[in-house]
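First comes the structure, then the notes that go with it.
Quick note: the coordinates plus some simple rules give every number you see, no bench work behind them. As the structure is a prediction and not an experimental result, all values here were calculated from the model. Counting neighbours? That spans all protein chains shown, and the Cβs are built from the backbone with ideal geometry, glycine included.
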Amino acid sequence: MLHALLIVLTLLALACLPCLLAMMVTADIAAEAAFRALRRRIRRWRTRRDAQRLARRAGLGAPRATTEPAGPPIEQVAADLRRLGRQRIGVATRSPVWFAAVQRAYDDRLTVACLALEIDEHLRELTGVDLEIERVRVEGELQAAGFGLAGGDADRRQDQF
């Protein structure tokens, strides 16, 4: 009897061994998927938190659940971005302090545009070269979404070349 029980347990262990090995191999994949999902939730939570902070800073109070826009009209944001973009290229290069202020205002408007178009951005979290790369990425995302950043005179200059 004991010998038969041992044989049955051995056969059961052999039958379950592939399943156990498969679970061990895919456990890291499942854990990574769960970790990515958690990171996405945290990123969404931070984006909402940043939007609320930006709204409070702009004097808009808490975001409302109504259909009213949470910020300035998108046309105004686009006009501000074009104006600040021209200043970044022209006058702002004369003074480091002025350039930093224009750059900060440009980044703030990029953030507002990204919030309006629901584009992920990390401009406030980065510095240095990483910030420059993120700024270029965000500008590309906005242009891909149909948001015109170049001013009329900049378009004419590009057509000449």
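Which ordering of Ile74, Ile7 is given by a fewest-first count of other beta-carbon atoms within 10 Å? List each step's numbers first, then the result.
On the way: Ile74 14, Ile7 10.
Ranked by crowding around the Cβ, least crowded first: Ile7, Ile74.
Per 0.36 nm of contour for each residue apart, how much would the distance between Arg57 and Ala145 grow if the chain were fully extended, relative to their Cα-Cα spacing?
Working: separation 88, 0.36 × 88 = 31.68 nm, distance 2.60 nm.
Using 0.36 nm per residue and subtracting the Cα-Cα distance, I get 29.1 nm.
Can you give me the distance in nm between label points at Met1 and Ile29, each placed 7 Å from the Cα along the Cα-to-Cβ direction?
Going from the Met1 label point to the Ile29 one covers 4.5 nm.
Using a Förster distance of 22 Å, how high is the FRET efficiency between Glu125 and Gln76, based on the Cβ-Cβ distance and rounded to 0.05? Walk me through the numbers on the way to the answer.
Values: r = 26 Å, r/R0 = 1.16.
Working from the Cβ atoms, E equals 0.30.
Working out 0.36 nm times the residue gap between Arg36 and Glu118, then minus their Cα-Cα distance, what length gain in nm do you get to one decimal?
27.5 nm
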